[in-house]
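The values are calculated or read from the model by the stated rules, or taken from the named source; none is laboratory data. Here the structure is a predicted model, which is why all the values come from computation and not from measurement. In this analysis, Cβ positions are derived from the backbone assuming ideal geometry, glycine residues included, and neighbour counts consider all displayed protein chains. The area values use the complete protein model at the heavy-atom level, side chains included, leaving out ligands, DNA and RNA. Shrake-Rupley method; radii C 1.70, N 1.55, O 1.52, S 1.80 Å.
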Amino acid sequence: MSFIVAIDGPAGTGKGTITKLISNELGLINIDTGAMYRCVTLQALEQGITDIKEKNKIIQIAKSADIKMKKEGKEQQVYLNGKNVSKDIRSKEVSAFVSPVSSIPEVREIMVDLQRKMAQNIDVIMEGRDITTVVFPNANVKIYLDATTEERAKRRFKENQEKGIDMTYEEVLEAIKTRDYNDMNKPVGALKIADDAIVLDTTNLNIGQVVEEVKKIILEKKEEH
């Protein structure tokens, strides 16, 4: 039987980093749901699709996309149709278009189905926007990570600099505000706090402190399990 840890929260709260670290430390399989939507977005852009009105084409892309996550050394790499796209899916263009793409109900259905299949009979940790509410409403552990908008923009800006992604702090801040609005107002899979989720504000915590807090929550629930 699976043991499932579900983590939700807005962009820039450190969900991805925390999930990777916890995955390594506790031996949980990390399924990066955001990367899956970014793969569909990347392929749409590569086919010249830049308008959500072409949603039928985007749905077809989601249906046929071969998305795999492979652990290579300490890093998890994302493959789309056999090609490593780990860096490509973090581009400015993909970031700007991923929210509308992931708002298409049929795309969400396809991805959620794939996520549930990936999690069968294994212990997993999964982060995203609607993991605690839609993908795994019966998850063993539900955590909602949060932080102020400014702090999240600061973190994302630093992350982008390290990855060589050219965006100013102001651009990142605006992108996060737009992303928050889109994520919270989606007709399907909107970002919200599950009634039984544990909310953790990470504004004044460093990565190490957040990891320890999250680990404590998971280990307590594992004992109960």
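Since only GLY82, LEU219, THR203 are under comparison, the one whose Cα sits farthest along the positive direction of the charge dipole of the chain, derived from C-beta charges on Lys, Arg, Asp and Glu, is GLY82. Short-range pairs are left out: with C-alpha atoms under 8 Å and at least six residues apart, the relative contact order of segment 18-113 is 30 percent.
For the chain, what relative contact order do you get, as a whole percent, if you take Cα pairs closer than 8 Å and at least 6 residues apart? Display every interim value, and only then the final one.
Working: 322 pairs, mean separation 74.8, N = 225.
Taking the mean separation of contacting Cα pairs over the length of the chain, I get 33 percent.
Coordinate range of the alpha-carbon atoms in the chain per principal axis, descending: 50, 39, 37 Å. Between segment 156-225 and segment 107-147, the alpha-carbon centres lie 15 Å apart. Got a number for carbon plus sulfur as a percent of the chain's accessible area, 1.4 Å probe? Whole-percent figure for carbon plus sulfur exposure: 49. Net length available on complete extension from GLU46 to ASN185 is 47.3 nm, with 0.36 nm assigned per residue and the Cα-Cα distance removed.
Is there a quick way to get the dipole size of the chain? I mean about its Cα centre, with the Cβ of Lys and Arg at +1 and of Asp and Glu at -1; what is the value in debye to the nearest 20? Before the final figure, lay out the partial values.
On the way: 34 positive and 36 negative charges, 112 e Å.
Here the chain has a charge dipole of around 540 debye.
Here the spin labels are modelled as points 7 Å beyond Cα on the Cα-Cβ line, and at LEU205 and ASN138 they lie 2.8 nm apart. For the pairs LYS20/LYS154; LYS74/LYS186; LYS15/LYS154; LYS53/LYS163; LYS53/LYS92, flag any whose C-alpha to C-alpha distance is greater than 26 Å. In this structure, LYS74/LYS186; LYS53/LYS163 exceed 26 Å between Cα atoms. Need one number: % antiparallel among DSSP beta bridges in the chain, to the nearest 5. In the chain, approximately 30 percent of DSSP beta bridges are antiparallel ones. Ligands, DNA and RNA are left out, and with a 1.4 angstrom probe the accessible area of segment 77-225 is 53 Å² per residue.
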